[in-house]
Every structure is written in C-alpha cells, then in structure tokens.
Amino acid sequence: MKIITSREDVENLVLGATVLGTGGGGDPNEGLQLLLSILNVGKVIEVMDVSELGSNDLVAVPYYVGTVAPSARSKKPRKIGDPLRVAVDEYGKVLNREITAFVATEMGGGNTAVAIYIASMLGKPIIDGDMIGRAAPELLQSTANIVGIPLYPAIIVSETGNVIIIKEYSDLEDYEALARYVSILAGKHAVVIDTPMGKEQAEGAVVRGTLTLAMKIGEAIREARNKGEDLAKVVAGILGGWVIFRGVVDAYDWRDEGGFLIGNLLIRGSGRWGGLVFRSWIKNEHIMAFLNDKPIVMPPDLIIVMDSNGPVTNDKVKVGEEVAVIGAPAPGIWRSEKGLELFGPRHFGFNFEYVPVEELVKRHGVVEG
C-alpha cells in the first residue's frame with residue numbers, strides 16, 4: 001500500500017495520466033482540482049496493488065462517459081449537485097454489498113482522477129492500475145470484455161436528474177449506446193459505475209501499475225522541463241516508444257458527433273520530417289495515425305501529441321502550434337485476438353490488419369533515436 005499526501009505527487013499523477021490519455025481521458029484541470037480537494041480536506045490517497053485485495057473484497061469501476069469536445073451544457077436545470085456521490089450510494093444499494101476498493105476505467109487526466117477521488121473521499125483504496133492501460137472512446141474497450149467479466153449491473157447518473165440502473169444489457173453495443181445517450185441528454189457527460197469484480201476477476205483484468213507509471217512520467221516531464229530537455233524523447237523512453245514525428249499543426253477539423261469528438265489532425269513536418277504530413281484520426285482519443293497517407297500507428301497502440309510544455313488534449317489543439325508525436329506499444333492484452341476485435345483498426349472502420357507500431361516505424365524509417 002502506498003500513501004499519497006503531497007501536491008507534487010498529485011500533479012505528477014495527473015500529468016502522467018494525461019500523457020496516457022492519448023488526447024482524451026477527460027479534463028486534466030478538473031482532475032487536478034478533484035485530487036487537490038482531497039488533500040485540502042485532510043484525506044489521503046491510498047494506492048494498493050490488486051494482489052493486496054482480500055478474498056471477500058469487491059472492486060468497482062467509476063468514470064465519466066461523454067465527450068471532451070467543447071459544447072453547450074444541457075438547458076435542463078441541474079438537479080443533482082454531486083452525481084458521483086449519488087452514483088456510489090445508489091450502486092451500493094443495487095449490489096447490496098459494500099464496495100471495498102475502486103479501479104479507474106482508463107488512464108487520463110480526468111477519468112483516472114474521478115476514480116481516485118471517489119475512493120479517497122470514501123476512505124477506500126484505489127487499485128494501482130486501470131481497465132485499459134491508456135484512454136479509449138467506448139465502453140467496449142475494457143479489459144473486462146476481453147476476459148469475460150460482465151460490466152453489469154451498472155448505474156448511470158447525470159446532473160440533470162437521471163438515475164438509471166442497468167440490471168443487464170443485451171450486448172456491449174447497446175450498453176455503450178445507452179450510457180452515451182444519457183451523456184448527450186446531460187449536455188456533456190454522465191457518471192457511470194460498473195464492472196463489479198472480486199479479487200480473482202480483478203487480478204485477471206486490471207492492467208497493473210499504471211498509476212505508478214503515470215507518476216513516473218509526470219515526475220520525468222517536470223524534471224525535463226527544469227533541465228531544458230526534450231520532453232517527447234523523455235516520455236518515449238519511459239514508454240518504450242518512439243518520437244515518430246515533429247512539425248506544426250496545419251489543420252484540425254472536429255465535430256461533436258453522437259457524444260464523441262470526431263476529427264482529423266494534420267501536422268506539417270519540420271526538420272528531418274520536412275515535406276511529410278502526419279494525420280491522426282480522432283474519436284475522443286488519437287486512434288489511427290498516418291504518415292503521407294500510410295499507417296504509422298494503429299489501434300490499440302498509443303499516439304501521444306506533446307508541445308513544449310507537455311501532453312496536448314484534443315480539446316486544446318491549436319493550429320500553428322509546434323508539436324511532437326510519440327508512438328508507443330499498447331499493453332499486451334490488447335494485442336490478443338479478442339483485444340483487436342474490440343480495439344483494432346477494423347473495429348473503427350479501417351480496412352487494415354493490425355500491425356504493431358514497432359513494425360510500422362521500421363517500415364517508415366523515420367524513427368528518431
């Protein structure tokens with residue numbers, strides 16, 4: 001068990017989680033404020049390895065579903081001031097059991113912080129891990145769906161007053177549509193808690209150590225800033241990845257579609273990448289990347305865009321900004337047959353067989369050492 005009590009550790013965690021959020025994963029500013037509010041009321045963040053769970057413990061997964069796209073909130077009045085608290089209270093009633101620990105659904109400056117906040121405010125530990133190992137746009141992208149753990153029962157709560165219990169769903173697509181629609185009605189996002197797991201199930205599903213990894217990344221970025229080092233190279237080294245492109249944002253077209261931020265980011269190469277064009281297709285997160293219209297990173301592998309200060313979320317991209325792009329391998333569980341079915345290029349409508357990023361960067365021959 002590790003105890004986090006310092007602002008510096010919290011800032012490192014949120015910064016590193018934002019890197020792993022691959023452009024999405026929620027608002028890191030909101031996430032940081034949530035975690036600082038824990039420290040401000042004298043509470044601590046207890047981080048435990050999944051192996052430390054007891055045989056009778058019960059883990060659940062809380063998060064926001066919605067879009068990072070700037071949008072007008074619902075015109076409906078806000079009826080629930082703290083949907084997180086309502087969701088936890090109601091979910092306990094549904095399960096008729098006490099939740100003894102929480103785990104983040106994904107890595108990201110916002111959604112990772114949500115899980116930590118709920119756990120800490122209730123005096124419960126947060127598992128050192130998450131259910132993806134990065135951020136992803138759909139409820140389908142959960143390791144629980146690879147290993148056969150149902151996400152139900154679930155609860156969905158919106159600020160506008162919807163409190164919905166999902167006893168079961170017919171399939172994952174229906175569940176995704178139901179949760180997404182509640183977020184659309186709410187104007188931005190809704191709170192979801194799902195995937196109740198015992199110790200054995202959690203040990204098989206959780207991508208371990210990602211909170212520790214996030215803190216390591218955040219600390220390294222802050223140190224690199226102070227030393228004037230190349231942030232992208234530092235992060236790529238930690239992730240076992242590569243700086244695959246550098247240039248200037250030339251165009252960024254996005255739309256809020258069905259509760260997702262859908263878009264394309266174009267970067268014109270500079271330096272050794274002069275004359276080349278990088279394009280990322282976005283569905284909340286960076287999903288598929290092309291170099292001169294040929295794939296260079298395919299899902300589920302990570303695409304991370306960074307500027308001179310750190311990671312850039314997809315609601316903050318600015319035309320004319322100088323950026324670097326990192327490509328890094330996804331956790332191995334996502335490279336399985338079932339993982340690629342849920343998170344591979346064909347799932348998102350791209351007619352390509354998955355090729356690992358380490359092979360694609362060799363083919364392009366533009367990898368920076």
Total formal charge among the other residues, if their Cβ is under 15 angstrom from that of TYR252, Lys/Arg +1 and Asp/Glu -1: -2
Computed log₁₀ I(q)/I(0) - Debye formula, equal Cα scatterers, no solvent, region 237-364, q 0.10, 0.17, 0.18, 0.21 Å⁻¹: -0.29, -0.87, -0.98, -1.31
Cβ-placed point charges (K, R +1; D, E -1), dipole of region 2-208 about Cα centre in debye, nearest 20: 760
Cα gyration tensor shape for region 2-208, rounded if a/c is under 1.5, else prolate or oblate: rounded
For a label point 7 Å along the Cα-to-beta-carbon line of GLU353, residues of region 286-305 with backbone N under 19 Å: 294-301
Projected label distance in nm at ASN40 and ARG97, using a 7 Å step from Cα toward the beta-carbon: 3.6
Dipole magnitude of region 237-364 about its Cα centre (Cβ charges: Lys, Arg +1; Asp, Glu -1), debye to nearest 20: 280
Amide H within-cut-off set for THR22, under 5 Å, with H built and near neighbours excluded: ALA135
Cross-link reach list, lysines versus LYS167, counting only Cα pairs under 19 Å and skipping chain neighbours closer than eight places: LYS93
Pairwise centroid distance, computed over Cα atoms, of region 220-258 with region 104-162, Å: 25
Protection-proxy order for peptides 42-55, 320-333, each taking the mean of Cβ atoms within 10 Å per residue, highest first: 320-333, 42-55
Peptides ranked, highest mean first, by Cβ atoms within 10 Å: ranges 305-312, 106-113, 280-287: 106-113, 280-287, 305-312
Answer label for mean projected area of the Cα convex hull in nm² (calculated), chosen among (1) 17.2; (2) 18.8; (3) 20.9: (1)
Among GLY258, VAL319, ILE166 the positive-end extreme of the charge dipole of the chain (Cβ point charges): VAL319
Relative contact order of region 2-208, pairs being alpha-carbon contacts under 8 Å that are 6 or more residues apart, as %: 31
Where labels lie 7 Å past Cα in the beta-carbon direction, separation of LYS2 and ARG268 in nm: 4.3
Local net charge near LEU276, Cβ-Cβ under 12 Å (Lys/Arg +1, Asp/Glu -1): +3
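Every number in this text was worked out from the coordinates using simple rules, so none of it is lab data. Only a predicted model underlies this, so the values are computations on that prediction, with no experimental measurement involved. Counting neighbours? That spans all protein chains shown, and the Cβs are built from the backbone with ideal geometry, glycine included.
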